[in-house]
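Heads up, the thing below is written out as structure tokens.
The values are calculated or read from the model by the stated rules, or taken from the named source; none is laboratory data. All values derive from a computational prediction rather than experimental measurement. Don't worry about glycine lacking a Cβ; one is built from the backbone with ideal geometry, like all the others, and counts go over all protein chains shown.
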Amino acid sequence: MRSLRARITWSFLLLIGCSVLGTGIFVALLLRSSYIDSLTTRLETEGRMLAETIAWTDSHPSRRQFQQVAEVYGKALDAQITIFDKNGRVLGDSTGDLSLNYKAYPEVESALQKEKKDPTVIRDNFLHAALPVERDGDVVGAIRISLDIQEVNQSLEKVWVSLALGLMIAYGLAGFFSSRIASSVTSPLEEITQVARDIAQKKFHRRVQQTGKDEVAQLGQAINRMAHSLQKQMETIRKSERRLHSIIESLESGLIMIDPTGKVSLVNRSFERLFGVPAQDIIGRSYKKLTYPYDLTDWITECAESGERMRNEIQIYFPEERMLEANLAPMWVERNGVGVVVVLHDLTAIRRLEQLRKDFVANVSHELKTPITSIRGFSETLLDGAMGDPDTCREFLQIINEESLRLQRLIGELLDLSKIESKQINLKRELIRIDQMVQSVVKTMEERFRAKQQAWSVKIAEPFEVEVDKDRFRQILLNLLSNASNYTPPGGRITVEVEKRDESWLCKVSDTGIGIPKEDLPRVFERFYRVDKARARDSGGTGLGLAIVKHLVEAHQGEIEVSSQIGQGTTFTLSFPMTKKDRNT
């Protein structure tokens with residue numbers, strides 16, 4: 001397809017060419033007609049003059065006389081002069097040809113007969129004019145003047161040559177000016193077209209650099225307004241898309257979107273994390289090819305067919321065991337089908353908390369039931385008559401006292417744990433010498449260590465000050481040392497080691513006791529969890545000590561870790577960050 005510039009140029013060339021050619025042809029024909037008319041008038045005038053001036057007195061004119069007249073006038077007029085008598089016989093001819101037959105020349109015959117016709121005729125590149133010679137009202141002969149019109153043809157050839165040159169010059173000028181005019185018209189259109197293409201390729205910053213008030217300038221201004229509007233709309237859409245993408249990617253719940261064709265169109269990172277499947281492996285594929293979890297594909301099909309919301313729970317075992325809640329909703333976004341949005345909430349923590357709550361209620365009930373049952377049993381025995389035996393009475397009262405103390409400790413630790421977990425305690429931080437604190441706590445435990453025939457030691461390479469809550473940190477150490485003493489047999493050793501580092505300081509409590517099985521290590525900080533339930537209960541333990549220790553350590557922005565081997569002992573490592581006051585001491 002030709003461009004607009006080419007079409008405008010060729011239109012101008014065709015128009016100008018046709019105009020020049022038509023004008024040239026008209027001018028040439030007009031010149032020829034004018035020239036012929038001028039020659040015709042000349043020949044008629046000269047013929048009448050000859051007809052009136054030639055002496056024609058004799059009834060039998062002499063050929064010799066008329067031949068001389070014809071030759072003289074032929075040279076004078078630069079034309080062929082032929083004189084005929086009234087019978088059509090040639091009396092004289094300027095060329096000397098006296099054998100002419102008047103009947104071969106209709107114009108001569110018309111003149112002899114005095115017919116009212118055009119006396120001129122063009123024949124064989126000659127213009128002939130035949131006029132009658134009249135004397136006293138009678139036609140006595142005729143004169144024919146013939147003029148060669150080759151000069152006319154030559155003049156016309158010059159006109160045609162001039163016309164061709166003029167046409168070529170006009171074509172050249174027309175091509176130049178039409179190209180300039182077409183360029184002035186099409187250049188703005190080409191710029192507008194290029195800007196429109198760039199806008200279609202999302203280059204919304206492009207603008208048409210056209211000024212003026214004509215139609216093309218108005219079109220450019222309309223394109224600029226459209227580009228500005230599109231740019232603003234696209235910026236709004238991109239902002240919304242970025243926000244939506246950020247929201248989707250930051251969701252803790254897994255999300256998968258199925259389009260109306262049944263292909264996966266969107267998967268967020270939480271879905272990848274929940275199922276251990278990279279997004280690129282499933283986006284663009286049919287949801288029916290999802291092999292895991294197995295029930296999800298059936299639910300998607302059912303939701304798409306019914307067009308109703310669905311909610312189900314599903315349990316997965318890879319990459320780790322989890323309990324999920326699948327919420328499915330139909331999505332009508334296109335006319336050719338129904339998509340499905342699936343949101344997967346991880347209920348594992350909730351279910352675990354529910355189980356912990358159930359276990360907590362059961363454990364508290366069990367722990368409370370034991371001392372209450374003992375107190376009630378022994379008190380009923382005393383009331384039934386055992387008070388009469390002083391030894392038995394004292395023994396039972398001693399047991400009742402121990403169980404009540406145990407019940408008091410349990411309730412106290414439950415209250416402490418509740419306050420710590422609900423963030424209701426306020427730490428009263430102060431700078432203390434860590435070596436003095438450790439020595440004080442160990443000294444409190446010395447009698448217990450001796451009673452159980454256990455050795456102990458404190459290792460502090462360099463005394464330094466730390467900023468902690470003195471009472472709460474003392475509670476941490478007492479719980480750890482009590483726990484170590486409970487699970488260390490006679491002859492074992494308990495060690496407390498404190499170490500200062502660049503940005504933190506450590507406190508380790510180690511023992512050479514029975515150790516903790518590897519499978520129990522992740523649960524030692526749970527409430528009421530006991531590795532050896534019989535020994536812990538015999539020692540008066542409530543199963544809440546390590547839970548309290550963990551929460552108090554975290555309240556100090558610290559961390560606690562445990563390492564253990566069966567039969568070799570256990571080590572609890574407490575790590576605390578160095579505060580500004582700690583660094584300055």
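Across segment 206-223, the qualifying residues are those that are outside any helix (DSSP H, G or I) and under 19 Å from Met234 (Cβ atoms), and the one among them that is nearest to the chain's Cα centre (by Cα) is Arg206.
Of all residue pairs spaced 6 or more apart or on separate chains, those with beta-carbon atoms under 9 Å, a first member in segment 435-451 that is in contact (Cβ under 8 Å) with a residue 12 or more places away in the chain and a second member that is among the small types (Gly, Ala, Ser) and part of a helix (DSSP H, G or I) are Met445/Ser482; Met445/Ser485; Arg448/Ser482; Arg448/Ser485; Phe449/Ser485. Residue count for segment 258-269, restricted to those that are among the charged types (D, E, K, R) and touching a residue at least 24 places away in the same chain (Cβ under 8 Å): 2. Tell me yes or no: at least one residue of segment 509-517 is under 19 Å from Gly569 (Cβ atoms), not in a loop (DSSP other than H, G, I, E, B) and not charged (D, E, K, R). Yes, segment 509-517 has at least one match. Lys358 meets the conditions (1) more than 36 Å from the chain's Cα centre (by Cα); (2) in the same structural domain as Ser270 (by TED's automatic domain parsing); (3) exposed (fewer than 13 other Cβ atoms within 10 Å of the Cβ) in every case but one. The failed one is (2). Can you name the residue in segment 478-496 that is within 13 Å of Val438 (Cβ to Cβ) and over 60 Å from the mean Cα position of the chain (by Cα) and is also surrounded by the most Cβ atoms within 10 Å (Cβ to Cβ) among such residues? Filtering segment 478-496 for residues that are within 13 Å of Val438 (Cβ to Cβ) and over 60 Å from the mean Cα position of the chain (by Cα), the one surrounded by the most Cβ atoms within 10 Å (Cβ to Cβ) comes out as Ile494. Please verify whether segment 108-124 includes one or more residues that are closer than 20 Å to Arg42 by Cα, touching a residue at least 12 places away in the same chain (Cβ under 8 Å) and acidic (Asp, Glu). No. Looking only at residues in segment 230-254 that are modelled with pLDDT of 85 or more, of a type in the set (S, T, N, Q) and in a helix (DSSP H, G or I), the one that is farthest from the chain's Cα centre (by Cα) is Ser250. Can you confirm whether segment 519-534 contains a residue that is at pLDDT 85 or above, over 53 Å from the mean Cα position of the chain (by Cα) and either part of a strand (DSSP E or B) or not assigned by TED's automatic domain parsing to the domain that holds Asp416 (or both)? No, because not a single residue in segment 519-534 is at pLDDT 85 or above, over 53 Å from the mean Cα position of the chain (by Cα) and either part of a strand (DSSP E or B) or not assigned by TED's automatic domain parsing to the domain that holds Asp416 (or both). Given the condition of a type outside the set (D, E, K, R), part of a helix (DSSP H, G or I), at pLDDT below 75 and closer than 18 Å to Ile548 by Cβ, answer yes or no: does some residue in segment 380-390 qualify? The answer is no, given that none of the residues of segment 380-390 is of a type outside the set (D, E, K, R), part of a helix (DSSP H, G or I), at pLDDT below 75 and closer than 18 Å to Ile548 by Cβ. Consider segment 270-280 and keep the residues that are free of Cβ contacts under 8 Å to residues at least 24 places away in the same chain and surrounded by fewer than 13 Cβ atoms within 10 Å (Cβ to Cβ). The one that is farthest from Leu251 (Cα to Cα) is Gln280. The conditions of being part of a helix (DSSP H, G or I) and of a type in the set (Gly, Ala, Ser) are met by Ala304.
Counted as qualifying within segment 425-477 are the strands (runs of 3 or more DSSP E) with 3 or more residues that are within 60 Å of the chain's Cα centre (by Cα) and under 20 Å from His556 (Cβ atoms), namely 429-433, 465-469.
Among the residues of segment 101-124, is there at least one that is in a loop (DSSP other than H, G, I, E, B) and among the aliphatic types (A, V, I, L, M)? No, segment 101-124 has no match at all. In segment 223-236, the count of residues that are without any contact (Cβ under 8 Å) to a residue 24 or more places away in the chain and of a type in the set (A, V, I, L, M) is zero.
For segment 192-205, the set of residues classified as surrounded by 12 or more Cβ atoms within 10 Å (Cβ to Cβ) and over 13 Å from Met234 (Cβ atoms) consists of Ile192, Thr193, Gln194, Val195, Ala196, Asp198, listed by residue number. Scanning segment 459-487 for residues that are touching a strand residue (DSSP E or B) at 6+ places or on another chain (Cβ under 6 Å), free of Cβ contacts under 8 Å to residues at least 40 places away in the same chain and of a type in the set (A, V, I, L, M) gives a single hit, Ile460. Annotation: of all residues in segment 499-508 being outside any loop (DSSP other than H, G, I, E, B) and in contact with a Pro (Cβ under 9 Å, 6 or more places away or on another chain), the one that is nearest to Gln436 (Cα to Cα) is Trp505. When the residues of segment 274-300 are filtered to those that are β-branched (Val, Ile, Thr) and part of a loop (DSSP other than H, G, I, E, B), the one that is nearest to Glu320 (Cα to Cα) is Val277. Filtered by the rule that a residue be of a type in the set (Phe, Trp, Tyr) and modelled with pLDDT of 75 or more, segment 19-49 gives a lone residue, Phe26. One residue stands out in segment 294-307 among those that are out of contact with any helix residue (DSSP H, G or I) (no Cβ under 9 Å at 6 or more places or on another chain) and under 21 Å from Thr261 (Cβ atoms): the one that is surrounded by the most Cβ atoms within 10 Å (Cβ to Cβ), namely Cys303.
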